[in-house]
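**Q** One structure is given below, represented as structure tokens, and several questions about it will come after.
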Amino acid sequence: MNKLKNIIPPSGYVRLGKLGKTFQLSGGIRFYGLGVAEQKLIFELEEVFIEDKGDSKIREVREVGANTIVYFSVAKTPEEAKALTNKTVYVSKEKLKHEASFVDIIQNLEVFLDDKPFGSVKELIRSNVDILLVDSPFGEIMLPTNAPYVEITEKDIRLRDLPSGLLELNQ
């Protein structure tokens, strides 16, 4: 049971983003927030939960060009930072600002199929290709956010010209 302690974030934690490649020789690592709010929030935090590492104190956060570089107390060398590559970063809900995050905005958005109400977003599954889990008349449907037939706005999600058989495939 002790081994699981640092793998799964504690209850009340939400995804903040993902760590990318290392940066320079002092243990820096690129951070990719789920959205703009999450990308900004990392600058204000003192500690986060890192997948497979657990609670990790933040030494410093810097903007370098278009990149956000984070320095953690658990990674002071390039080798230690490399072990964090592709790990998910979580934050306690209590530390989240009231500013809406990308996930907050997209969750519960109405989904329209050819301009007719179709359902609502139940969940956003973050991965290499983000997936919308939509409650629809066909049950739960999974749709890739980057598909050409998915248009995401701040107000709703529009589906147009779905590939034939896509809805049936999800049943």
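Coordinate-derived values only; no laboratory data. This one's a predicted model, so the numbers in the text were calculated from it and none came from an experiment. Note that each Cβ is placed from the backbone with ideal geometry, even for glycine, and that neighbours are counted across all protein chains shown.
**Q** Under the definition of Cα pairs under 8 Å and six or more residues apart, what whole-number percent is the relative contact order of the chain?
**A** Dividing the mean separation by the residue count of the chain yields 19 percent.
**Q** Spin-label point model (7 Å from Cα, Cβ direction): what's the LYS93 to LYS122 distance in nm?
**A** About 1.9 nm separates the two model spin labels.
**Q** Treat every Asp and Glu Cβ in the chain as -1 and every Lys and Arg Cβ as +1, leave all other atoms uncharged, and give the resulting dipole magnitude about the Cα centre to the nearest 20 debye.
**A** Its charge dipole is roughly 800 debye.
**Q** When the C-alpha atoms of region 1-89 are aligned to their principal axes, what extent does each axis show, in angstrom, from largest down?
**A** Ordered largest first, region 1-89 gives principal extents of 41, 29, 20 Å.
**Q** Now for a different question. How big is the chain on each of its three principal axes, counting only the C-alpha atoms and giving the largest first in Å?
**A** Principal axes ranked by extent give 53, 42, 30 Å for the Cα atoms.
**Q** Name the shape class, rounded, prolate or oblate, that the alpha-carbon gyration tensor gives for region 104-169, where a ≥ b ≥ c are the square roots of its eigenvalues, rounded holds for a/c under 1.5, and otherwise prolate holds if a/b is larger than b/c and oblate otherwise.
**A** rounded
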